[in-house]
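Data block below; observations after.
Each reported figure results from applying straightforward, stated rules to the coordinates on display, with no laboratory input. These figures come from a predicted structure and were not determined experimentally. Cβ atoms come from the backbone with ideal geometry, glycine included; neighbour counts cover every protein chain shown.
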Amino acid sequence: MTDSTTIWHNPRCSKSRQTLALLEARGGTLTIRNYMEDKPSVAELKEVMKMLGFTSAHEWLRKNEPDYRDLSLKASEDEAAIIKAMSTHPKLIERPVVIHGKRAMIGRPPEQVLELF
């Protein structure tokens, strides 16, 4: 890998574990960020959202999470509030996120992230 690669990893998530295994098998330098403990800032989320090509934070939300319902995010059109909720409650972030250079991709399915290379 010529550029740096980072995975926002949740070890409890099977797709995240599968994506991590693919990246480790590929070799190269890999930074593993347990984003559940090392929560991304609002600024980081905005930057990665652009790298993912999303125009709305709703595209990046895990809509089956209880926090999604509890925080009434479905009805919210306030992007700033949604991104702040994602920073405060990282379970809301669709995972895993792989960042390579200036591009990012969600590992669903895990093999999809190989398109970054």
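Annotation: the antiparallel percentage among DSSP beta bridges lying fully within the chain is about 65.
Counting pairs of alpha carbon atoms under 8 Å apart in space and at least six apart in sequence, what relative contact order in percent does the chain give?
Values: 168 pairs, mean separation 41.0, N = 117.
Result for the chain is 35 percent.
Under a point-charge model restricted to the Cβ atoms of Lys and Arg (+1) and Asp and Glu (-1), what is the dipole moment magnitude of region 5-116 relative to its Cα centre, in debye to the nearest 20?
On the way: 18 positive and 15 negative charges, 47 e Å.
Charge dipole, region 5-116, about its Cα centre: 220 debye, nearest 20.
Kindly provide the GluC sites (Glu not before Pro) of region 23-117 that DSSP labels as loop, not H, G, I, E or B, and whose Cβ sees at most 11 other Cβ atoms within 10 Å.
Answer in residue order: Glu37, Glu77.
Only helices enter the 222 nm calculation for the chain: every DSSP H run of n ≥ 4 contributes -39,500 (n - 2.57), and dividing by all residues gives -9500 deg cm²/dmol, rounded to 500. For Lys63, the lysines whose Cα falls under 22 Å of its own Cα, not counting residues fewer than eight places away in the same chain, are Lys15, Lys39, Lys46, Lys50, Lys74, Lys84, Lys91.
Between Met51, Met105, Met86, the GNM of the chain built on Cα springs shorter than 10 angstrom shows Met51 fluctuating the most.
Once the Cα atoms are used to define both axes, helix 79-88 deviates from the longest principal axis of the chain by about 60 degrees. Backbone amide hydrogens, once placed in the peptide plane, bring Thr5 within less than 5 Å of Thr31, excluding anything fewer than 5 places away on its chain.
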